[in-house]
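Read through the structure below, which is laid out as structure tokens, and then see the notes.
Nothing in this text is a laboratory measurement; each read-out follows from the coordinates by a stated rule. Values in this document were obtained by computation on a predicted structure and should not be read as measured data. FYI the Cβ positions are ideal-geometry reconstructions off the backbone, even for glycines, and counts take in every protein chain you see.
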Ligand SMILES: [Zn+2]
Ligand SMILES: [Zn+2]
């Protein structure tokens, strides 16, 4: 299957594929957003992860414009699926957007950095 061309749910531009730690991540070079599949998150979440450090450093290159959290985002994989804004976990109450279809997570600009604290 050819890799799907994903678009940023905020900026609508094509996401850039960034291979890091053996995992293909999808990054928006406009707003610094990040799309991760459910299975990919663990690799970057740990605050000791050098891959997480590299990914956060990469995202920091793209200073965000205004992020309006009142706008409901749709999943890059499922254009019909409105993502749910929820806390990442009980222990990590940072709000992220999660697709109810695939469980993938959209991190706005500094949200990945926040869950790693
Ligand atoms: Zn974007
Ligand atoms: Zn989805």
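Under 8 Å for C-alpha pairs, at least 6 residues apart: give me the relative contact order for region 16-115, rounded to a whole percent.
Working: 160 pairs, mean separation 27.5, N = 100.
Relative contact order comes out at 27 percent.
Along the Cα→Cβ direction, 7 angstrom out, place labels at residue 60 and residue 110. What is the inter-label distance in nm?
Placing both labels 7 Å beyond Cα along the Cβ direction yields 1.1 nm.
Using a simple spin-label model with points 7 Å from Cα along the Cα→Cβ vector, what separation in nm is obtained for residue 48 and residue 23?
In this crude spin-label approximation the distance works out to 1.7 nm.
Can you tell me how much longer the chain between residue 95 and residue 68 gets when fully stretched, taken as 0.36 nm per residue apart minus their C-alpha distance, in nm with one decimal?
Values: separation 27, 0.36 × 27 = 9.72 nm, distance 1.30 nm.
Gain in length upon complete extension: 8.4 nm.
Please state the shape class of region 1-64: rounded when a/c is under 1.5, otherwise prolate if a/b exceeds b/c and oblate if not, all from the C-alpha gyration tensor.
On the way: a/c = 2.11, a/b = 1.24, b/c = 1.71.
Oblate, since a/c reaches 1.5 and b/c is not below a/b.
Order of 25, 109, 39 from fewest to most other C-beta atoms within 10 Å? Numbers along the way, then the final one.
Values: 25 23, 109 20, 39 10.
So the residues, fewest neighbours to most, are 39, 109, 25.
In square nanometres, what is one fourth of the surface area of the convex hull spanned by the alpha carbons of the chain? Display every interim value, and only then the final one.
Details: hull surface 28.1 nm².
Approximately 7.0 nm², given one-decimal rounding.
Using 7 Å Cα-to-Cβ label points, what is the residue 117/residue 85 separation (nm, one decimal)?
1.9 nm
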